[in-house]
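J.: After the structure tokens below, expect a handful of questions from me.
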Amino acid sequence: MLRLEGVTVDIEASRILRGVSLDVGDRELVCLVGRNGAGKTTTLRTVMGYLRPVAGRIVFRGRDLVGLPTHAIARLGVGF
């Protein structure tokens, strides 16, 4: 249902996420747990389209989300 493949995000000159991969199946519940600054919120903001990855893919129900506007991603049912 939701797949992240090697997602890398840079903000200015800093690499914020490096090669994040994740698979979430239909009706599966997943919690992102980690210390402050580990990239939990950044990962979700990237899935929602607020941040653009410099590498990798984000696929929701077979549709690539990278490059879609945030409102289009929300219409697909993606949110947090």
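The values are calculated or read from the model by the stated rules, or taken from the named source; none is laboratory data. Note that the structure is a prediction, hence the values are computed from the model and not measured. Cβ: placed from backbone, ideal geometry, glycine included. Neighbour counts: every protein chain shown.
J.: Answer with yes or no whether residue 18 is closer than 12 Å to residue 2 by Cα, in a strand (DSSP E or B), modelled with pLDDT of 95 or more and not aromatic (Phe, Trp, Tyr).
T.: For residue 18, the condition - closer than 12 Å to residue 2 by Cα, in a strand (DSSP E or B), modelled with pLDDT of 95 or more and not aromatic (Phe, Trp, Tyr) - is not met.
J.: Follow-up question, since we're still on this one. Might you let me know whether region 28-39 holds any residue that is surrounded by 12 or more Cβ atoms within 10 Å (Cβ to Cβ), touching a Phe, Trp or Tyr at 6+ places or on another chain (Cβ under 9 Å) and part of a loop (DSSP other than H, G, I, E, B)?
T.: No.
J.: Working only within region 40-67, note down all residues that are over 15 Å from residue 79 (Cβ atoms), β-branched (Val, Ile, Thr) and not in a strand (DSSP E or B).
T.: Within region 40-67, 42, 54, 66 meet the criteria.
J.: Which numbered condition in (1) within 12 Å of residue 2 (Cβ to Cβ); (2) surrounded by fewer than 16 Cβ atoms within 10 Å (Cβ to Cβ) is the only one that residue 54 fails?
T.: It fails just one condition, (1).
J.: Out of all the residues in region 14-32, which are under 16 Å from residue 55 (Cβ atoms) and either touching a His at 6+ places or on another chain (Cβ under 7 Å) or of a type in the set (Gly, Ala, Ser) (or both)?
T.: The answer is 14, 19, 21.
J.: Just a yes or no: is a residue in region 20-41 of a type in the set (A, V, I, L, M) and in contact (Cβ under 8 Å) with a residue 24 or more places away in the chain?
T.: Yes, the conditions are met somewhere in region 20-41.
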